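Below: the structure, in structure tokens.
The values are calculated or read from the model by the stated rules, or taken from the named source; none is laboratory data. Quantities reported herein were computed from a predicted structural model and do not represent experimental measurements. Here the Cβ positions follow ideal geometry from the backbone for every residue, glycine too, while neighbour counts run over all protein chains shown. These area figures cover heavy atoms from the full protein model, side chains too; ligands, DNA and RNA do not enter into them. Shrake-Rupley method; radii C 1.70, N 1.55, O 1.52, S 1.80 Å.
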Amino acid sequence: MKKTSTKSLIAILVSLTLFSNSPARSVPTEESLPDIGTTAASTLSTNQEIEMGDFYIRKIRAEAPLIYDPLLTQYINKLGQKLVNHADAVKTPFHFYIVNNPNINAYAFFGGNVVLHSALFRYSRNESELASVMAHEISHVTQRHLARMMEDTQRKAPLAWAGTLGSILLLMANPQAGMAALSGTLAGFSQGMISFTRENEQEADRIGMRILSRAGFDPYGMPSFMQTLSEQTLHNSEIPEILYTHPLPDNRLADARNRANQYPKKSIPESQEYLLARVRILTIESTLESAYINDLLNQYSHGTSKEQIAASYGRTLLLTKKRKYTEAREVLTPLLNKQPDNIWFIDAMTDIDIGQARYEQAIIRLQQALQKHKNNPVLQINLANVYIEAKQYPKASQLLFQYTFSHPDNLTGWSLMAEAASKQGKRNEELAAYAETMALQGQFDLAINYLSQASALVKLNSYDQARYDARIDQLRKLQQRYSQYKK
Ligand SMILES: [Zn+2]
């Protein structure tokens, strides 16, 4: 393994969790909700939790290299939900995000938001390993480990405490943040409050493994990924970031192995989607040296039939990236012929079509696919994109209007909306869509400014003006409420 730097991170806390007001159910099993007493529960309400989560996600959008790729977003959220569906004591919706970051790390924080670093795709070898990390994080949240930590340390100033943790999270998410900033932030921290306790880790492993198994994954995914982390520690001077916050003493690995042994053996079919996601994230989003990608694709091309498919898919992506569209089409066509409904392949062919200006072909394929996969966000974004490339701007706007209505938190949707409006010279619509991209990144002043400009451009007392003005009011209120979380 190639080391990326000799930077060594100081311990940092990572999983922030929920402090719900709802009464703890008494469940007479070993998985009873932890008794966190009344202090933590009364200091931060569930609403504050969810709002803080939203506040920090906006900051992460603005400051960290979040991956917006619709396919990867859909994949990681489907996988996450599959796990959450098999967890107990789920109090809020979960959202999963991928940050393009070469350090192995994952953290759950306020309001069920789970952030995964792209390096997890490089170092995991199958879907069960990746899912084991996610199940562990989900368990920290459902077991309210942070609430317990907070009880122990900072019962007097929960907002300040949570705010400091939030800013550490932001620094961790951003690979460019650098050690100086991180050390400065950590200076006021005592070691005890920035990593989980041994007991918390054991519990997250134990409950996480049960979720893993219930959701149909291989419980062995957990010890085998821990093994990878442990090998990283042996062979590198740089310890994987995740171990600073989730310590891995020898007995944790041994315990996970023993526990996995107690589960009935079953053979888990290889996940085609995981292989496609892995190849996609490593070829498209990362800045990895091409030798690594080529080695991986070469290895897959001699592997199982699913790995061979992933290898061809990866070659298609690389060729498309190099604008070798004819060759890319040659590699992809047999895959698409065999699996005409496969959204990964449809998406890849759309890019090739756009590259070769075969817009009509792409539009027809996407429209047909949308009849089968109604309202699929990946296909919708692809189609909107082709409409724009084909200069069919009104059609793009119409589709994006629906899309942003159902996916108001999707930055890509609003960006395309602004682009389509701009091409039609609809300055007010462009400004209003652009305002949403700013609001999603926590830039409320800018967003309000753009909406005011939009409002001034349209007819007095028109429907559009009322809409823009109402949105300005909403954002002002949001800005005011969120000002309590700003440090
Ligand atoms: Zn942990």
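Ranked highest first by the average count of other Cβ atoms within 10 Å around their residues, in what order do 293-301, 208-216, 130-138, 75-83 fall?
Going by the mean number of other Cβ atoms within 10 Å, highest first, we get 130-138, 208-216, 75-83, 293-301.
Relative contact order for region 373-479 using alpha-carbon pairs under 8 Å, separation at least 6, rounded to a whole percent?
So the answer I get is 17 percent.
Note down the nm distance, to one decimal, between modelled labels 7 Å out along Cα→Cβ at GLU270 and at SER462.
A separation of 5.7 nm, rounded to one decimal place.
Can you pull the Kirkwood radius for region 425-486, inverse mean 1/r over Cα pairs, to one decimal in Å?
Answer for region 425-486: a Kirkwood hydrodynamic radius of 11.6 Å.
Between region 426-473 and region 81-116, how far is it from one alpha carbon centroid to the other, in angstrom?
32
At most 12 other Cβ atoms within 10 Å and a DSSP loop assignment: could you name the trypsin sites (Lys or Arg not before Pro) in region 251-342 that fit?
LYS265, LYS266, LYS322, ARG323
Among the GluC sites (Glu not before Pro) within region 281-377, which fall in a DSSP loop and have no more than 11 other Cβ atoms within 10 Å of their own Cβ?
GLU289
Where does the charge balance sit around PRO93 when Lys and Arg score +1, Asp and Glu -1, over other residues with C-beta under 13 Å from its C-beta? Each step should come with its number before you reach the end.
Numbers: positive: LYS91; negative: GLU49, ASP54, ASP409.
Taking every Cβ under 13 Å from that of PRO93, the sum is -2.
Stokes-Einstein D for region 286-366 at 37 °C, 0.692 mPa s, Kirkwood Rh over Cα pairs, in µm²/s?
251
Under 13 Å from the Cβ of LEU275, count the other residues' Cβ atoms, weight Lys and Arg +1, Asp and Glu -1, and hand me the total.
Numbers: positive: ARG125, ARG278, ARG280, LYS306; negative: GLU127, GLU129, GLU270, GLU273, GLU307.
Charge balance near LEU275 sits at -1.
Taking H as built 1.01 Å from N, whose amide H comes closer than 5 Å to the amide H of ILE98, not counting residues under 5 places away?
It is ILE67, LEU116, by chain and number.
Mind checking the per residue accessible area of region 421-487 for me, 1.4 Å probe, whole number of Å²? Each step should come with its number before you reach the end.
Working: 3950 Å² over 67 residues.
Spelled out: the 1.4 Å probe surface of region 421-487, per residue, equals 59 Å².
If you rank PHE405, PHE121 by how much accessible surface each has, with a 1.4 Å probe, what is the order from largest down?
PHE405, PHE121
What part of the accessible area of region 425-486, given as a whole %, is carbon or sulfur when the probe is 1.4 angstrom?
Of all accessible area on region 425-486, carbon and sulfur atoms account for 47 percent.
What FRET efficiency do you get for TYR292 and GLU327 if R0 is 30 Å and r is their Cβ-Cβ distance, rounded to the nearest 0.05?
Here the calculated transfer efficiency is 0.90.
Modelled label-to-label distance, ASN375 and ARG198, 7 Å Cα→beta-carbon offset: nm?
5.0
Under the definition of Cα pairs under 8 Å and six or more residues apart, what whole-number percent is the relative contact order of region 425-486?
RCO, region 425-486: 29 percent.
Please tell me which of these pairs span more than 23 angstrom C-alpha to C-alpha: LYS338/LYS372; LYS338/LYS391; LYS321/LYS374; LYS265/LYS338; LYS78/LYS486?
LYS338/LYS391; LYS321/LYS374; LYS265/LYS338; LYS78/LYS486
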